[in-house]
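Working notes, structure below.
The values are calculated or read from the model by the stated rules, or taken from the named source; none is laboratory data. These numbers were taken from a predicted model, which means no experiment stands behind them. Every residue, glycine as well, gets a Cβ built from its backbone with ideal geometry; the counts of neighbours run over all protein chains shown. The accessibility values were calculated without ligands, DNA or RNA, using every heavy atom of the protein model including side chains. Shrake-Rupley method; radii C 1.70, N 1.55, O 1.52, S 1.80 Å.
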Amino acid sequence: EKQGMEVRSAAQGWAGGGRALLGAVLLCVWWRAAAERVRYAIPEELGRGSLVGPLARDLGLSVDELPARKLRIVAGDEKQYFTLEEDNTNLRVNDRIDRETICGAVSACVLSLEAVVENPFDIFHVSVTIQDINDNAPHFDREFVTIEMIESTPPGTRFPLGSGRDPDIGANSLQKYELTPNPLFSLLVRESPDGTKHAELVLEKVLDREKQRKHHLILTAVDGGDPVRSGTAQIMINVTDANDNPPVFTKEIYTFRLMENLPEGSLAFQVKATDNDEGTNAEITYSFSDIAKSIQQLFTLDPGTGAVRVTGALDYEERKYYEMTIEGRDGGGLTAHAKVHISIIDVNDNAPTLSLLPILNPIPEDSLPSTVVAVINVRDRDSGENGEVSCKIDGNLPFRMETSSENSYKLITASALDRENVSSYNITITATDRGRPALWSSAELVLEVSDVNDNAPVFEEAAYSAYVAENNAAGALVLRVQARDADAGANGRVSYWLAGGSAGAAGAAPLVSVEARSGALYAQRSLDYEQCREFAVAVRAQDGGAPARSSTATVRVFVLDRNDNAPRVLWPAAGAGAAVAPGEAAGAAAPPFEVVPRSAEAGYLVAKVVAVDADAGRNAWLSYELVQASEPALFRVGLHSGEVRTARAVSERDAAKQRVVAVVKDHGQPALSATATLHVVLAESLQEALPELSERAAGAEAPAAELQFYLVLALALLSALLVLSVALAVLARLRRA
């Protein structure tokens, strides 16, 4: 052990028969041993708030680290005699400490408690020795003592005067007796094995009743305190006529052992005295002559038989030893005295008591094994095996008990905790003594497990698929993803983010967005199947822990086609001609035509209508129909091929110029279509067909010239109306003038 610093400061005073505590005796002696024990010593009766010692400094804790170390104290006593200051630096008195009430006659009065610190966890065992001060004066159980002495009593005879009592110990206890000086009497002080001093009156000379019948003496009990305290008893001696034989007890000292659970009314013991006289002089009456009031409440004495019975509860834990003096008086007034020593035997009548100091509640679920959860202080007022206590935990729990000191245990974790499996524990701690039968008591600790962010969010599916029809409205819901996090609070609160994918090109706005709270994906703009048929995005689910945990799921979005594109005719193209008619302005295209020889048989391939549809699937399946023809029976169109063929052989009656109109339709709902117009000339050769083509050109110019004529005519009429309006206006003005 490393001896520390010792500080003493004392000032006490007594005046006017009343006590005035002018100063406080402060003896702070501490040292730290291998068992981390700190010891203090203070006088009793210090006022509330008095300093016991600088506990934080003595434990080696600086002021800066005190908030993080969370210094606390736990005591096993029912009353909390000590407390820590608000800043947890000094240990101070919390309640009145009376050494005599707490420890009685026990010389070493020590109160124990544990100081607990965290980060890292440690336990320090603190003991405070309560030092006695001279706060009690000696006193006698009987202030007036009457002694009957026959005048024939021989010198040297001793008469017990009782013993003074002083609850203080050591030098403050009763040290000596003083007797009023008298030539006939002297004082003899005898000390019993337990240190109690007994006063006896000794007859020094023969008494003469005729000279003096009564004698008055004063017995004074004095302690050794500073200042000295004392108490007195009045001794009255009556001198009587001769009585030949005094009573005699069978023993000078009786020794008995009584069980503390002896029922009230039970016979404890019996004393007996005899007298050789006859008649009334031989009749002996028994009484207590020197007994404390507290003891007299526990025992009754039968004055006729000397039987002593129990009238109160004997408690080994309150008092282990009793002493009394029994007087036997005969009818003539002569007395004899016998000492009675009673030892109380302990029985197992006190169950252990537990006090809990939670250290971590709630406890983080990532706490390592052997983490201290609570400190348990155990007390059993019994002694020996009856006071030996063991602690255990009921049930199969991930905790275990570990001995910290003689009377304290640590509740520590035995294995890893998982809040997601078990969020709280009801821990029942049972303390059992070794008595027969054994007594036990239990205490329950409800321990909550706090969450740490040890679980990442988990999507319901690793990959999602969504189907969206094209031409959707901007902001339309595409899909809702959901991830769950087994953690609690902010650690289990999931938010969603886009983590990348093919949803948008660099520099372009993304096609979808995700709502952070709900995980709903919305289209940012209208989708076009013809531009983007599918794309993928990565959605990240992230919790609110620190550090945050996350996981990612892939969402593939498939754009569904709608019939929003009509078929487009590639051939014959509108405005694309096979030749240019004579006299036609350059750049003016003639309608497309095909030359079919008049010798063509049925099935002759005239042309093929070529069309495409930008849609897909059924929306892009095309079919062809003949909707208009100069000779409907002459031509037919392949339903799926678009081939225009002669339905029969060409005859001389057929007109040379034929116009064929075919419609191209898709299979969408509703169906969309386009038309293709084909001009056919029936001729054996191109030279034969040229006149027909020239007529077509002239016929094309005639409508144009006619249109020009009507435009000029309309312009002339408008001009004439304007001139007429002006003339009428002028005439009207002239007429008014």
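The amide H of residue 148, built 1.01 Å from its N in the peptide plane, has 238 as neighbours under 5 Å, considering only residues 5 or more places off or on other chains. For the chain, taking Cα atoms only, Rg and Dmax work out to 61.7, 197 Å respectively.
Centroid-to-centroid, using Cα positions, the range 312-382 and the range 428-453 are 22 Å apart. Rolling a 1.4 Å probe across the protein heavy atoms gives the range 353-450 an accessible surface of 49 Å² per residue. Using a probe of 1.4 angstrom and keeping all protein chains present, the accessible surface of the range 458-560 works out to 52 square angstrom per residue. Relative to the longest principal axis of the Cα atoms of the chain, the long axis of helix 686-736 makes an angle of roughly 80 degrees. Return the lysines within reach of residue 392: Cα separation strictly under 19 angstrom, same-chain partners fewer than 8 residues apart disregarded; answer none if there are no such residues. Correct list for residue 392: 410.
If you bin every alpha carbon distance in the range 301-381 into 5 Å steps from zero, what whole percent lands in each bin? For the range 301-381, the binned pair fractions read 3, 9, 13, 12, 9, 8, 7, 7, 6, 6, 5, 4, 4, 3, 2, 1, 1, 0 percent.
The magnitude of the dipole of the range 139-240, with charges of +1 and -1 set on the Cβ of Lys/Arg and Asp/Glu and taken from the Cα centre, is near 320 debye. Rg over Rh for the range 39-131 works out to 0.98, using Cα positions for both radii and the Kirkwood form for Rh.
When the chain is described by a simple charge dipole with +1 on each Lys and Arg Cβ and -1 on each Asp and Glu Cβ, the residue from 198, 491, 637 located farthest towards its positive end is 637.
Quick one: pull the percent of accessible area on the chain belonging to carbon and sulfur, 1.4 Å probe, ligands and nucleic acids left out.
52
Ranking 449, 437, 427 by Cα position along the charge dipole of the range 353-450, where only Lys, Arg, Asp and Glu carry charges on their C-beta atoms, puts 437 farthest toward the positive end. Normalised by 2.2 N^0.38 Å, where N is the number of residues, the alpha-carbon radius of gyration of the range 353-450 equals 1.13.
Ignoring lysines fewer than eight residues from residue 320 along the same chain, the ones with Cα atoms less than 22 angstrom from its Cα are 197, 293, 339. In straight-distance terms, cross-link reach from residue 214 covers every one of the aspartates and glutamates whose alpha-carbon lies under 12 Å from its own, apart from those fewer than eight places away in the same chain; here that gives 148, 151. P(r) tail for the range 408-532: Cα pairs beyond 26 Å make up 52% of the total.
Applying Stokes-Einstein at 25 °C and 0.890 mPa s to the Kirkwood radius of the range 248-345, computed over alpha-carbon pairs, gives a translational diffusion coefficient of 177 µm² s⁻¹.
Net charge dipole, the range 39-131: roughly 80 debye, given to the nearest 20, about the Cα centre with Cβ charges of +1 for Lys and Arg and -1 for Asp and Glu. In order along the range 364-376, the phi-based Karplus estimate (6.51 cos²θ - 1.76 cosθ + 1.60, θ = phi - 60°) of 3J(HN,Hα) comes to x, 5, 9, 4, 6, x, 6, 6, 6, 9, 7, 10, 10 Hz; Gly and Pro are listed as x.
Placing unit charges on the Cβ atoms of the charged side chains and taking the dipole of the chain about its Cα centre, the candidate lying farthest along the positive direction among 262, 147, 376 is 376.
Full extension of the segment from residue 302 to residue 722, taken as 0.36 nm per residue of separation minus the current Cα-Cα distance, would add 135.2 nm.
Dipole magnitude for the range 248-345: about 260 debye, using +1 per Lys or Arg Cβ and -1 per Asp or Glu Cβ, origin at the Cα centre.
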